[in-house]
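What follows is one structure encoded as structure tokens, with my remarks underneath.
The values are calculated or read from the model by the stated rules, or taken from the named source; none is laboratory data. Computed from a predicted model, the values in this text were never measured in an experiment. Reconstructed Cβ throughout: ideal geometry from the backbone, glycine too, with neighbour counts over all protein chains shown.
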């Protein structure tokens with residue numbers, strides 16, 4: 001009688017624990033791939049949006065430069081420019097800060113604080129979902145190993161009850177149990193690689209965001225952008 005091996009046989013011959021481990025690994029794999037694809041699309045969009053920074057500085061006034069970013073509220077560079085503009089406008093209002101905690105702040109500190117808050121919000125948006133990849137990458141091998149140990153235990157128990165310990169009786173059940181370890185690694189490796197790739201990509205976008213914040217800070221505090229080759233920027237025009 002021919003014995004069938006493989007994932008299908010592991011599923012059909014496995015008990016509720018084996019099937020539960022298999023389903024858990026499948027759910028972890030689907031969730032990690034969904035996060036990888038969605039965050040990769042977001043990263044691609046952020047990189048494309050960062051190309052608008054130079055067009056912003058080349059505009060004739062702030063409003064025209066802001067239009068270069070488009071109307072997307074999720075645009076991190078647009079949100080940063082708006083935050084800086086609102087912070088500067090707030091300080092320009094007569095008596096705006098009286099009786100409040102920010103009374104003791106000068107213009108530079110107040111603008112820096114507002115720009116930092118915007119960067120922190122963008123950072124949280126970029127990092128959302130990465131915890132799923134980190135969790136899958138660190139736990140999937142152990143979930144697969146648990147399935148392997150459970151499968152080997154039941155395989156040995158079955159062999160002990162039947163009293164047959166020939167190689168053909170041992171290799172099949174033990175080999176099918178080891179499949180769980182391979183599945184755990186197959187789930188964990190893409191999650192780890194995806195996590196590292198996305199973290200590295202996010203760092204590049206955040207570096208550009210910080211440089212843009214530095215230039216905005218100089219613009220709102222001194223009236224000119226501090227950057228190589230750019231020495232004069234038109235004064236801010238209030239909307």
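Quick look at the numbers
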item: Qualifying residue in region 64-72 (condition: surrounded by fewer than 19 Cβ atoms within 10 Å (Cβ to Cβ), modelled with pLDDT of 75 or more and under 18 Å from residue 43 (Cα atoms)); result: yes
item: Close pairs from region 101-130: first at positive phi, partner modelled with pLDDT of 85 or more and in a helix (DSSP H, G or I), Cβ under 6 Å, at least 6 apart; result: 129/35; 129/39
item: Unmet criterion (only one of (1) modelled with pLDDT of 90 or more; (2) more than 17 Å from residue 36 (Cβ to Cβ); (3) surrounded by 14 or more Cβ atoms within 10 Å (Cβ to Cβ)) for residue 194; result: (2)
item: Any pair with Cβ under 7 angstrom, 6 or more apart, that starts in region 203-221 at a residue that is touching a residue at least 24 places away in the same chain (Cβ under 8 Å) and ends at one that is surrounded by fewer than 17 Cβ atoms within 10 Å (Cβ to Cβ); result: 205/47; 206/123; 215/226; 215/227; 221/107; 221/108
item: Qualifying positions in region 1-17 - under 13 Å from residue 176 (Cα atoms), in a helix (DSSP H, G or I) and either out of contact with any helix residue (DSSP H, G or I) (no Cβ under 6 Å at 6 or more places or on another chain) or modelled with pLDDT of 90 or more (or both); result: 7, 8, 9, 11, 12, 13
item: Qualifying residue in region 138-158 (condition: at pLDDT 85 or above and within 30 Å of residue 58 (Cα to Cα)); result: no
